[in-house]
Amino acid sequence: MNRFRILTLVGVIAVLLVTGFVYAQGPNGPGMRGMRGGGPGGPGGPGGFGQGLMVRQLNLTDAQKDQFKTITQQHRDQNKATMERLRTAMEAARKAVQAMPVNEALIRSTTQDLADAQAEAAIQRAHLQSELYALLTPDQQAQAKKLQAQRESRMQRERPRRGRQAVGRR
């Protein structure tokens, strides 16, 4: 159980570091050619239909692209406090896990704070995705669902390979 918690925390920190990097790319960063791609609060947040390639495959109109950009920027501005809370919680949890001697109460409290911050970020990401999804035509919505299913299927196939690689590194 303890190993599971450590692996979960390491995985969460890795995901958050990657999303932080993507978030830091700014509105004209790589991947979306003028549109914001990736990161919590952005259309390419984890699990969202707004992944850069996916958005391009939906053949958005110029008006839809403008609306996506506007809504994404609004959410980014609104979510700055949540993202800062998430970064702070990640750092606190990392320090708690590394502290010697082990302080279980501190680890529990900091990882609970991290979980709360992650939940808030996920809720905000879901609201954004819902707003963006509403901008799509019924055909684009169907295509988005199809692309998302393909992406999830691909992730499921890759997940066992990643697990074996991680185990082999012990």
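Assorted remarks:
- Positive-end residue of 136, 64, 93, charge dipole of the range 55-170 with Cβ unit charges: 93
- If you sort 97, 102 by accessible surface, 1.4 Å probe, largest first, the order is 102, 97.
- For the range 104-111, the Karplus equation 6.51 cos²θ - 1.76 cosθ + 1.60, evaluated at θ = phi - 60°, returns couplings of 4, 4, 5, 4, 4, 5, 6, 6 Hz by residue, with Gly and Pro reported as x.
- Solvent-accessible area of residue 152 with every protein chain in place, 1.4 Å probe, in Å² to the nearest 10: 100 Å²
- Among residues other than residue 92 with Cβ under 11 Å from its Cβ, the summed charge is +2 (Lys and Arg +1, Asp and Glu -1).
- Solvent-accessible surface (1.4 Å probe) assigned to residue 83 amounts to roughly 10 Å².
- Each residue of the range 60-69 was assigned a 3J(HN,Hα) from its phi angle through the Karplus expression (A = 6.51, B = -1.76, C = 1.60, θ = phi - 60°), giving 5, 6, 4, 5, 5, 4, 5, 5, 4, 5 Hz with x at Gly and Pro.
- Residue-wise HN-Hα coupling along the range 87-103, computed from phi with Karplus coefficients 6.51, -1.76, 1.60 (Hz; x: Gly, Pro): 4, 5, 5, 4, 5, 5, 5, 4, 5, 5, 5, 7, 5, 10, x, 5, 10
The values are calculated or read from the model by the stated rules, or taken from the named source; none is laboratory data. Source: prediction; values computed, not measured. All Cβ positions, glycine included, derive from the backbone under ideal geometry; neighbour counts span all protein chains shown. Quick note on the areas: whole protein, heavy atoms, side chains included, nothing else; ligands and nucleic acids left out. Shrake-Rupley method; radii C 1.70, N 1.55, O 1.52, S 1.80 Å.
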